[in-house]
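A quick write-up on the structure given underneath.
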Amino acid sequence: MNAPAPRRFRSPRRVPAGITALAVLAVAGLFLYDLAAVRAHRPGMRWRRELGALLERHTPADAGVPAAGALLALAGAGLLLLALAPGLRGVLPMRTERGVRAGIGRRAAALVLRDRAMEVAGVRSVRVRVGRTRVGVRATSHFRELDDVRADLDEVLAVGIGELGLAHPPRTRIRVRR
């Protein structure tokens, strides 16, 4: 029986969603109260009358109206993008076993792989960057042939990535120089 494929981690957005819901509720309640007051033959709220007068004076031909509309549309698109995008991109999902969901941070994975790479003979310094699909390694060698160091690094990093237990093992990109 195949286990379900592990999904990426998403950040909980309960607080911003709650604040947005409360703001929408407050504005809708204010509009509803004002509408009920007008239907009961009472004068509308002062802010609504001022807003009506302002909208009478400024037509869509004014330069500020399309600019404000574009700004609001851009803000809405940005909020929509933030709502749909996963927030915990720095956590790589690991293979699931027995229903336990686990992840490892990219920096922690890079640190583990850097320590592995430093154990290779002839490597003076290493810089490792871990992405979702690729591991970039830049190594400096000082006394061995570069091809031998690259082959040893490839072997050591393949074992290291396998031991990390990532759900989707990334490809390695190794650069070695003097």
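The values are calculated or read from the model by the stated rules, or taken from the named source; none is laboratory data. This is a predicted model, so every value here is computed, not measured. Note that each Cβ is placed from the backbone with ideal geometry, even for glycine, and that neighbours are counted across all protein chains shown. Surface accessibility is based on the protein's heavy atoms, side chains included, excluding ligands, DNA and RNA. Shrake-Rupley method; radii C 1.70, N 1.55, O 1.52, S 1.80 Å.
Summary of values
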| read-out | value |
| --- | --- |
| Test: residue in the range 4-13 that is open to solvent by 50 Å² or more (accessible area, probe 1.4 Å), of a type outside the set (D, E, K, R) and either in a helix (DSSP H, G or I) or over 30 Å from residue 96 (Cβ atoms) (or both) | no |
| Index of the failed condition, residue 105 passing every other in (1) under 18 Å from the mean Cα position of the chain (by Cα); (2) open to solvent by 50 Å² or more (accessible area, probe 1.4 Å) | (2) |
| Output for the range 73-84, where each listed residue is out of contact with any Lys or Arg (no Cβ under 9 Å at 6 or more places or on another chain) and surrounded by 10 or more Cβ atoms within 10 Å (Cβ to Cβ) | 73, 74, 75, 76, 77, 78, 79, 80 |
| Among the residues listed as 176, 149, 123, 135, the single one being under 21 Å from the mean Cα position of the chain (by Cα) and either at pLDDT 90 or above or over 30 Å from residue 87 (Cα atoms) (or both) | 135 |
| Selection within the range 5-37 - over 30 Å from residue 169 (Cβ atoms) and of a type outside the set (A, V, I, L, M) | 14, 16, 18, 20, 29, 31, 33, 34 |
| Every residue from the range 157-178 that is surrounded by 17 or more Cβ atoms within 10 Å (Cβ to Cβ), of a type in the set (A, V, I, L, M) and under 16 Å from residue 126 (Cβ atoms) | 157, 161, 174, 176 |
| Candidates 114, 132, 138, 144 - the one that is without any contact (Cβ under 8 Å) to a residue 24 or more places away in the chain and surrounded by fewer than 18 Cβ atoms within 10 Å (Cβ to Cβ) | 144 |
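So that you can scan it fast, the table gives a plain yes or no per residue for (1) in contact (Cβ under 8 Å) with a residue 40 or more places away in the chain; (2) open to solvent by 60 Å² or more (accessible area, probe 1.4 Å):
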site: 35; (1), (2): no, yes
site: 38; (1), (2): no, no
site: 56; (1), (2): no, yes
site: 62; (1), (2): no, no
site: 89; (1), (2): yes, yes
site: 92; (1), (2): yes, no
site: 100; (1), (2): no, yes
